[in-house]
Amino acid sequence: MSTVIDITLLTFLAVTALAIIRTRNLFAAVMLAGIYSLVSAGLFTALDAVDVAFTEAAVGAGISTVLFLGTLALVGWEEEKPAHQPILPLVVVVLTGGALVWGTSDLPPFGVATNPVHESPIAERYIEESGHEIGIPNIVTSVLASYRGYDTMGEATVIFTALVGVLLLLAHGPHPRRVWEGDRWSTKWDDPQLQDEDDETLEGDGPFESDSPEGGSANG
């Protein structure tokens, strides 16, 4: 049964990834990316990696989605069609993916009791003594919060630093304003030059162009 669940979740991930690649609507891409992270969290849970699943759900499906939506509120919802075919990025992705898949050939079989991680004296110490030393029934929680507390603090610091960096990037320069004009939303800049460029590239953007500010349709 677990194998069927794993294959189903992997299929969902593949379909979602293809949909992200194909769509040109950035709002849809962000929503699909959040779905991808949420399905990934479910897959990690099925593989008994609850701590990784929690991080993926909080960071991938949570804060990342919020930051992406905040960015789209400034730059618009539609991606411009590239002037040339992105062959080089495709080659880089294929080579990197192939190298990662090839590297997994040296990993020990998943779930085998004789794997080095199961025979480590440190793992035995965690299993046998964490309940007495830490007082937390969940071994994973005791490892992350106590034995590897500095490592966990470092990971939290990295996430916080990335958040501050994104907020600084979004706060730099003039900010556009989304206003309702006639029957659609439009982006307004205080800088006339930016406004002229925006009128040429982002005119009519937005997945809800026909929605009025009151939440109803502009057509009644």
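The values are calculated or read from the model by the stated rules, or taken from the named source; none is laboratory data. Because the structure is predicted, anything quoted here is derived from the model rather than measured. So basically every Cβ, Gly included, is an ideal-geometry build from the backbone, and we count neighbours across all protein chains shown.
Descriptive notes on the structure:
- Residue check, residue 140 assigned by TED's automatic domain parsing to the domain that holds residue 24, out of contact with any strand residue (DSSP E or B) (no Cβ under 7 Å at 6 or more places or on another chain), over 19 Å from residue 21 (Cα atoms) and modelled with pLDDT under 80: no
- All positions within region 127-140 that are closer than 17 Å to residue 50 by Cα and touching a residue at least 12 places away in the same chain (Cβ under 8 Å): 127, 139, 140
- The single condition from (1) in a helix (DSSP H, G or I); (2) more than 28 Å from residue 160 (Cα to Cα); (3) modelled with pLDDT under 85 that residue 52 fails is (2).
- Residue check, residue 89 part of a loop (DSSP other than H, G, I, E, B) and out of contact with any Ser or Thr (no Cβ under 8 Å at 6 or more places or on another chain): no
- Residue within region 13-22 that is touching a residue at least 40 places away in the same chain (Cβ under 8 Å) and charged (D, E, K, R) present: no
- Residues that are of a type in the set (S, T, N, Q) and within 29 Å of residue 60 (Cα to Cα), drawn from region 112-165: 138, 141, 142, 146, 152, 157, 161
- Within region 158-176, the presence of at least one residue that is under 30 Å from residue 77 (Cα atoms), in contact with a Lys or Arg (Cβ under 9 Å, 6 or more places away or on another chain) and at pLDDT 60 or above is confirmed.
- Residues being assigned to a helix (DSSP H, G or I) and in contact (Cβ under 8 Å) with a residue 12 or more places away in the chain - total across region 39-49: 7
- Residue list for region 24-67, filter: among the polar types (S, T, N, Q) and touching a helix residue (DSSP H, G or I) at 6+ places or on another chain (Cβ under 9 Å): 37, 40, 45, 55, 64, 65
- Matching residues, region 22-64, being closer than 19 Å to residue 156 by Cβ and β-branched (Val, Ile, Thr): 50, 52, 55, 59, 63
- Those residues of region 55-84 which are in a helix (DSSP H, G or I) and touching a Pro at 6+ places or on another chain (Cβ under 9 Å), in sequence order: 73, 74, 75
- Considering each residue of region 4-13 in turn, none proves to be assigned by TED's automatic domain parsing to the domain that holds residue 69, touching a strand residue (DSSP E or B) at 6+ places or on another chain (Cβ under 8 Å) and part of a helix (DSSP H, G or I).
- Scanning region 14-38 for residues that are assigned to a helix (DSSP H, G or I) and among the β-branched types (Val, Ile, Thr), we see that the one that is farthest from residue 110 (Cα to Cα) is 30.
- Only residues that are surrounded by fewer than 10 Cβ atoms within 10 Å (Cβ to Cβ) and not acidic (Asp, Glu) were counted in region 79-94, giving 8.
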